[in-house]
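Report on the structure given below.
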């Protein structure tokens with residue numbers, strides 16, 4: 001799955017050559033729904049905010065409403081990265097984008 005600002009601002013069927021799924025828009029609820037479908041083995045063709053490859057076709061699901069109160073979301077747990085950052089004593093910045101001319 002690929003998501004984030006770049007995918008949301010410029011989703012493209014070409015990205016589905018690299019990824020099985022795109023998250024266009026907010027991903028907090030979409031990813032939760034995606035994981036639930038994976039656990040159940042059910043189809044993901046109805047999950048809002050996702051673009052999927054299915055039988056060599058692209059399914060562009062409708063967007064969901066924005067989360068009106070972002071304060072209801074838990075803060076991200078960044079401690080999972082702490083050991084890696086301290087172990088390697090390095091900084092990693094990754095920026096993906098596409099230039100259209």
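Laboratory data are not the source of any read-out in this text; all were calculated from the coordinates shown. From a predicted model like this one, the values you see are computed outputs, not experimental measurements. Cβ: placed from backbone, ideal geometry, glycine included. Neighbour counts: every protein chain shown.
How do 70-76, 28-34 rank on mean C-beta neighbours within 10 Å, highest first?
28-34, 70-76
Would you mind calculating the gained length between residue 6 and residue 78 on full extension (0.36 nm times residue separation, minus the Cα-Cα distance), in nm to one decimal?
Taking residue 6 through residue 78 to full extension adds about 23.7 nm, to one decimal.
For 67, 59, 47, which order do you get if you count the other beta carbons within 10 Å of each Cβ and list the fewest first?
Sorted ascending by nearby Cβ count, the order is 67, 59, 47.
In terms of the Cα gyration tensor, with a ≥ b ≥ c the square roots of its eigenvalues, is the stretch 2-65 rounded because a/c is under 1.5, prolate because a/b exceeds b/c, or oblate?
It is oblate, given that a/c is not under 1.5 and a/b is not larger than b/c.
Based only on other Cβ atoms within 10 Å, what is the fewest-to-most ordering of 79, 8?
Least crowded to most crowded, the residues run 79, 8.
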